[in-house]
Amino acid sequence: MGMNFLGEYKADLAVKDFSNGDLNLLRYARWLIYALVLLVPLFFLPWTSDIFEFNKQFLVFVVSIVALIFYLAQIVRTGRLGITRSPFNFAVLLFLAAVLVVSIFSDFKYQSVFGGFGSGFYQSLVSSVSFAVFFFVAFNIFSFSGGSAKEEKNRLLNIFGLSVFISLIIGILELFGVPLFRTLGISLGRAINTVGSMNSLGVMAALLLVFSLSRVSFTGRIFGFLRLSALFLSLFILLLFNWWVLWVMAISGLVLSLMADWKISNYFWHSTIIVLGVVFILLNLNLAGVLGVSLPIEIAPSFSASFEMTKSILMKDTFFGVGPENFQLAYDLYRPQSINDTIFWNIRFSEAASEMFTTAVSLGVVGLAAFLFLVWTGLRAGLKDRVLLPLFVVLVTAWVLYPFNIAIGFAFWFLLFLLALSSSRNEDYLVIDLEKSPRHSLATSISFVGIMILAVIGFYFMTIRYVGDIKFVQAVNESEPERQTELLIKSVNLVRSED
């Protein structure tokens, strides 16, 4: 019956719902998705304790929820529900359910739900819900956009590539002493950039490098001139940092790019960069020293220590771990005793050497298995889209070798959405006329009201937390004791659970 609905309504849906003369809420939702893809790698605001991660989490949550409301409102207004059947839907719902269950059994529930300053925000329930909502809304809206899925995919990739390219420019200029952030009154050292740590910037450079050499890189007249600039900038950053982890990410994507298109004309750049990376790793060439650049040192537990901690936690809390963003609790209990004899004896690490170990510790076997199923679904779809697969593999490799943050995590979910979009077929599109089925109409109305209530509740708590942190920062910067005490009291009254 669903297939009959498809043939009758899909063309009309594309024409009517996207006409300029009609109130098209999906069009606004599409623009919100475009804006989110552009802004996440770049977004920051200077008036909170964490000017990058906290603000990125708030941005993804708010924009995704508003886009979802537009999508649902359009369904109620038109009386037709358009969804795309895909194995990705089940994989994302399974992962979201796993994070929810793990958060319920968390050792520190508040931090698992919202994340914490100093502990991280990426793995929190709020972030997971935001990423899942972004996936579902973007997937279903662009599946029924009335245009070519390939064109939409290329446009989104161009926007994301441009955003990453700008973030790399900002990061490298700050590293070489151009005071972009200091002119805004932000002084966090020369390692500051909009993505996260310097190595996080390197992860984005590896991703942009592989993207620059793909067939979908900066297509069209507007973006075409950026291709070579992005290629050389990302390659320069990898050569400058010269960390084997970043090279493994880039090389894994380049090798898959070669396997996807066996043309001799494609061998030159890919092979040259692979050889160059191997030579720099083996000879440990120090380009930063030659250029007089002092690279910041990023401290994290070793892979062996992370493995031992993961093993200890899984023996005690096998199924649910310690909860999202609670790695610090696990570190306090099971950190290596040998670290007490070093200068790092009083440091509480908030993440393991890689996101793989952090996921296992925080989410247990339940969350780890759900995430691996999500990755497997993406890799399986990537076999049908050999252009996106190398980009996705870069981030999967990053998950195994390096911790994630909001920007890198969003890139993972963004590519997951594009893989789902490119692997969907026309027969997967399902349009249900709710006006012909009272049962479907009632269920949709109840679901819309329920989601609206949850969205309002979530927005309330997120906003209260955001305002409370602004008050705290104002108190820290206040020189008058009475005014400082007043602001601190307001901050505590707004967010009583925040350390």
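The values are calculated or read from the model by the stated rules, or taken from the named source; none is laboratory data. All values derive from a computational prediction rather than experimental measurement. For accessibility, only protein heavy atoms count, side chains too; no ligands or nucleic acids. Shrake-Rupley method; radii C 1.70, N 1.55, O 1.52, S 1.80 Å.
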Exercise for the section: Give a residue-ordered list of calculated ³J(HN,Hα) values for segment 34-50 (Karplus: 6.51 cos²θ - 1.76 cosθ + 1.60, θ = phi - 60°; whole Hz; x for Gly, Pro). Expected result: 4, 5, 5, 4, 6, 8, 4, x, 9, 6, 6, 9, x, 9, 10, 4, 10
Practice task
Collect residues whose amide H, placed 1.01 Å from N in the peptide plane, falls under 5 Å from the amide H of R80; neighbours closer than 5 in sequence don't count.
Solution key: L434
Completion exercise
Heavy-atom accessible area per residue of segment 33-77, all protein chains kept, 1.4 Å probe, expressed in Å², is 31
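Just reorder L383, L258, L388 by solvent-accessible area, largest first, 1.4 Å probe, all chains present.
L383, L258, L388
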Problem - Per-residue ³J(HN,Hα) for segment 474-479, Karplus 6.51 cos²θ - 1.76 cosθ + 1.60, θ = phi - 60°, Hz, x for Gly and Pro - result: 4, 5, 4, 8, 7, 8
Exercise for the section: Return the calculated 222 nm mean residue ellipticity for the chain, to the nearest 500 deg cm²/dmol, obtained by summing -39500 (n - 2.57) across DSSP H runs with n ≥ 4 and dividing by the residue count. Expected result: -22500 deg cm²/dmol
Completion exercise
Judged on accessible area alone, 1.4 Å probe, highest first, D385, D341, D107 line up as D341, D107, D385
Practice task
Could you go through segment 279-285 in sequence order and give the Karplus-derived ³J(HN,Hα) for each residue, using 6.51 cos²θ - 1.76 cosθ + 1.60 with θ = phi - 60°, rounded to whole Hz, and x for Gly and Pro?
Solution key: 5, 5, 5, 5, 8, 6, 5
Completion exercise
In the chain, lysine pairs 8 or more places apart or on different chains with C-alpha atoms under 22 Å apart total 12
Fill in the blank from the handout: Descending accessible area (1.4 Å probe), largest on the left, turns K311, K316 into K316, K311
Exercise for the section: For F319, enumerate residues with amide H under 5 Å from its amide H, sequence gap 5+ or separate chain, H modeled in the peptide plane. Expected result: V365
Problem - segment 146-246: relative contact order as a whole-number percent, Cα under 8 Å and 6+ apart - result: 30
Fill in the blank from the handout: Under the rule rounded for a/c under 1.5, else prolate if a/b exceeds b/c, else oblate, using alpha carbon gyration tensor axes a ≥ b ≥ c, segment 409-484 is classed as oblate
Exercise for the section: Return the carbon/sulfur percentage of the accessible area of the chain, one whole number, probe 1.4 Å, all protein chains in place. Expected result: 67
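Shape verdict for segment 359-405, please, from the Cα gyration tensor: rounded (a/c under 1.5), prolate (a/b greater than b/c) or oblate.
Oblate, because a/c is 1.5 or more while a/b does not exceed b/c.
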Problem - Options [x] -0.34, -0.46; [y] -0.23, -0.32; [z] -0.29, -0.40 - which one matches log10 I(q)/I(0) by the Debye sum over Cα atoms at q = 0.06, 0.07 Å⁻¹ as calculated here - result: [z]
Fill in the blank from the handout: Measure of exposure for L391: accessible area at 1.4 Å probe, Å² rounded to 10, is 10
